[in-house]
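Only one structure is covered here, and it is reproduced in the block below.
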Amino acid sequence: MHAACVTHLRRDNSLAIESLNENDHDAVARLIHTSLVDWYQRNLNQGSRFGESHEPFRLMPDVYAKLDPGEALIARDIATQAILGVCFVHPRPTHLSVGIVAIASTAQGRGVGRALLEPVVRRAREEKKPLRLVSSALNLDSFSLYTRLGFVPHTLYQDLTLPVPAEGLSAPPPEGIAQVRAAGVPDTPQMARLEFALQGISREQDYRFFLTGEAGAWRTWVYEGPGGELRGFLVTSHDDRSLIIGPGVAMDDKAALALLWVALDSLRGKTPLFLVPCAAEKVVRTAYAWGARNVELHVAQCLGPCAPAKGISFPTFLPESG
């Protein structure tokens, strides 16, 4: 979002929408942590999933500030100056995307989420670009907010975790892992073209970000076809604060499973999270056979035209770009 973007909620001018600055990163990390713990504990009795400290969540504002400087929005209480909400925004050549939206539990009912999203919706319409996001299918409050704003669900994902043994997965490796290699910066144009062909979006800057290592700790692999053409790629966060596999895309099950195997094998002794489309039956069943289990469901939604997706996508939450 444009720098120094400020608006107000309701006639009492009680809330300001501002651009996030570095001085507020710690407060935003606390907000994200407490909002997740509160919602998951109240609704699913799973607040412990997010630990006792907000420190790991500093990674989110720090990474987003490097990837999309000046784009994140916060909602600030004018009277107390407390930050009541945050929304990360990712402008891309083909679309705009909304990353995590977190609202303080003490601010429920004040319309903070809508106040953060409305300027993003206006911007997408002004720029004539679709607006994309991936949200929890279990949080019906946020789901309802998005659908009221005009978002339409299009893909359902299973959130899977898999504790990778220190000696590696016991199941035999899938066919095609010999076609997987480490990616380099010269691969990014072809990665972007492949994702555009399969998902209708382009975000080459994201893949350059992963491969240049400005923030976080990432490893990226590509799957090559017999003629050396890219048939898939997959990014993995190796930062212990965020062990997430994705983003990535693959043209078929073979490429998807080979990439996923290599990514999991790189995280021996750890328990990463990854999202797989529910419709990708073979990938899901194979992940179960490797030891994965479901922890949640997420749904991809789009406001505006959404190109029919092909192949298999692996979305993620850090950084999230639809």
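The values are calculated or read from the model by the stated rules, or taken from the named source; none is laboratory data. Treat the numbers as computed from the prediction; the structure is a model and nothing was measured. Cβ atoms come from the backbone with ideal geometry, glycine included; neighbour counts cover every protein chain shown. Side chains included, ligands, DNA and RNA excluded: accessible areas come from the protein's heavy atoms. Shrake-Rupley method; radii C 1.70, N 1.55, O 1.52, S 1.80 Å.
Of note:
- Members of the stretch 78-97 found to be open to solvent by 20 Å² or more (accessible area, probe 1.4 Å) and either assigned to a strand (DSSP E or B) or farther than 26 Å from E204 by Cβ (or both), listed by number: I78, A79, T80, Q81, A82, I83, P91
- Scanning the stretch 154-167 for residues that are of a type outside the set (S, T, Y) and either buried (at least 17 other Cβ atoms within 10 Å of the Cβ) or at pLDDT 95 or above (or both) yields L156, Q158, D159, L160, L162, P163, V164, P165, A166, E167.
- Residue identified as open to solvent by less than 40 Å² (accessible area, probe 1.4 Å) and without any contact (Cβ under 8 Å) to a residue 40 or more places away in the chain among L140, L145: L145
- Hits in the stretch 168-181 (condition: surrounded by fewer than 14 Cβ atoms within 10 Å (Cβ to Cβ) and either assigned to a helix (DSSP H, G or I) or within 22 Å of the chain's Cα centre (by Cα) (or both)): A178
- Residue check for I100: closer than 13 Å to L15 by Cα, open to solvent by 20 Å² or more (accessible area, probe 1.4 Å) and touching a strand residue (DSSP E or B) at 6+ places or on another chain (Cβ under 7 Å): no
- The listed residue being open to solvent by less than 10 Å² (accessible area, probe 1.4 Å) and on the phi < 0 side of the Ramachandran plot, out of L243, L273, L259, L303: L259
- One residue from A65, A107, A79 being over 21 Å from the mean Cα position of the chain (by Cα), over 24 Å from N139 (Cα atoms) and touching a residue at least 12 places away in the same chain (Cβ under 8 Å): A79
- Top-ranked residue of the stretch 31-61 - restricted to ones that are within 25 Å of A217 (Cα to Cα) and surrounded by fewer than 17 Cβ atoms within 10 Å (Cβ to Cβ), ranked as modelled with the lowest pLDDT: R49
- Filter result for D206 (open to solvent by less than 30 Å² (accessible area, probe 1.4 Å), in contact (Cβ under 8 Å) with a residue 12 or more places away in the chain, in a helix (DSSP H, G or I) and in contact with a strand residue (DSSP E or B) (Cβ under 6 Å, 6 or more places away or on another chain)): no
- Contact annotation: residue pairs with Cβ atoms under 7 Å, 6 or more positions apart or on different chains, pairing a residue in the stretch 268-286 that is small (G, A, S) with a partner that is surrounded by 14 or more Cβ atoms within 10 Å (Cβ to Cβ) and assigned to a loop (DSSP other than H, G, I, E, B), are G269/V164.
- Flag if A107 is farther than 30 Å from L267 by Cβ and open to solvent by less than 20 Å² (accessible area, probe 1.4 Å): yes
- Within the stretch 215-238, considering residues that are outside any strand (DSSP E or B) and touching a helix residue (DSSP H, G or I) at 6+ places or on another chain (Cβ under 6 Å), the one least open to solvent (accessible area, probe 1.4 Å): A215
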